[in-house]
Amino acid sequence: MSEPWQWDEPTWRGHVHRVRAGRRLVPPSWPGGSRVAVALSFDSDHETIPLRDAETRPGKLAQGEYGSRVAAPKILALLAEHGVRASFFMPAVSALLHPGEVESYAAGGHEVAVHGWIHERNMLLERADELDLTGRAIDVLEKLSGTRPVGIRTPSWDFSDNTLSIIEQLGLRYDSSLMADDEPYELLADGRRTGVVEIPVEWIRDDAPYLTMDRYTGLRPYTSPRALFEIWRDEFDAAHAEGGLFQLTLHPHVIGHRSRLVVLRDLIGHIAGHSGVWFATHAEIAALAADMLDQENRS
């Protein structure tokens, strides 16, 4: 196999254009004449990250269990207090371990969306295995939540050469794993319009890079939780000024501790203190973006 510096132009262009950002999907105004859309999301990984790595001892499993046992109920109470609906991306194994949690998400009016089977690394899988795990995860979440998921966030935001075609094959409306824009956009596959909406993520707007702790690696929570309020406040304020989307990715077992949940409470209070804010699930934003694509196709 040739080295990248030996590739001819069609080769490197082909890699770049396999999955690409298409049309930006921002309406002139958000529903109700709102100035900004706010999409809060939680990746309810719980015990699946150690299980994925065949780590079966109690220590790391207990750290994940905290996310369901302690953090998720507090997060749901905080969202209910402010009347905010969010999107919960949940690996199927997490859902099977904590079915009552899935039911509580649905009962609170929140979205339950796909986050893999056991937080697997899809870039190490054959296409048939990735398709099988994703399809079974959809079925599990539909059974437990009562609604068939319309969106996916891939575990660790990994995106294999097959992920987009699997999303299309399974009829999912949107993905939330890529980072080509601040705003929603349509995904292109080798230049072909797919109709799949991307609701982009970013490590800046994720709690894990700032707050993760692992005894045996260099991962340490070097950032003060209160510093995250300033970062995320500035991200929201800029989205509000631009009339765009503020999307945030959190993890119950990370953000749900006492000194950290304060940050989320303050952030929601800051956002709610602005006029013209539309709190929406990722599914609602994707539906609005899909309508824009449909109108374009009809015109």
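So the values come out like this:
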{"read-out": "Per-region count, the stretch 68-78, residues in contact (Cβ under 8 Å) with a residue 40 or more places away in the chain and over 20 Å from residue 137 (Cα atoms)", "value": "6"}
{"read-out": "Qualifying positions in the stretch 39-74 - aliphatic (A, V, I, L, M) and on the phi < 0 side of the Ramachandran plot", "value": "39, 40, 49, 51, 61, 62, 70, 71, 72"}
{"read-out": "Residues satisfying the stated conditions in the stretch 1-28, i.e. open to solvent by less than 60 Å² (accessible area, probe 1.4 Å) and under 19 Å from residue 284 (Cβ atoms)", "value": "25, 26, 27"}
{"read-out": "Complete set of residues in the stretch 228-260 that are polar (S, T, N, Q) and open to solvent by less than 40 Å² (accessible area, probe 1.4 Å)", "value": "247, 249"}
{"read-out": "Failed item, numbered, when residue 167 is tested on (1) of a type in the set (A, V, I, L, M, F, W, C); (2) under 13 Å from the mean Cα position of the chain (by Cα); (3) surrounded by 18 or more Cβ atoms within 10 Å (Cβ to Cβ)", "value": "(2)"}
{"read-out": "Subset of the stretch 223-249 [closer than 26 Å to residue 62 by Cβ and without any contact (Cβ under 8 Å) to a residue 60 or more places away in the chain]", "value": "223, 224, 225, 228"}
{"read-out": "Inter-residue pairs, beta-carbon under 7 Å, first within 19 Å of residue 98 (Cβ to Cβ) and open to solvent by 80 Å² or more (accessible area, probe 1.4 Å) and in the stretch 48-61, second part of a loop (DSSP other than H, G, I, E, B) and among the hydrophobic types (A, V, I, L, M, F, W, C), 6+ apart", "value": "none"}
{"read-out": "Exclusive hit being modelled with pLDDT of 95 or more, surrounded by fewer than 20 Cβ atoms within 10 Å (Cβ to Cβ) and among the aromatic types (Phe, Trp, Tyr), set 117, 157", "value": "157"}
{"read-out": "Pair list, Cβ under 8 Å, 6 or more apart: the stretch 209-222 residue surrounded by 13 or more Cβ atoms within 10 Å (Cβ to Cβ) and at pLDDT 85 or above, other residue acidic (Asp, Glu) and part of a loop (DSSP other than H, G, I, E, B)", "value": "none"}
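Yes/no per residue for (1) in contact with a strand residue (DSSP E or B) (Cβ under 6 Å, 6 or more places away or on another chain); (2) under 18 Å from residue 248 (Cα atoms):
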site	(1), (2)
24	yes, no
29	no, no
35	no, yes
42	yes, yes
48	no, no
63	no, no
70	no, no
86	yes, yes
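The values are calculated or read from the model by the stated rules, or taken from the named source; none is laboratory data. Values in this document were obtained by computation on a predicted structure and should not be read as measured data. Neighbour counts are summed over all protein chains in view; Cβ atoms, including those assigned to glycine, are modelled from backbone coordinates with ideal geometry. Ligands, DNA and RNA are excluded from the accessible area calculation, which covers all protein heavy atoms including side chains. Shrake-Rupley method; radii C 1.70, N 1.55, O 1.52, S 1.80 Å.
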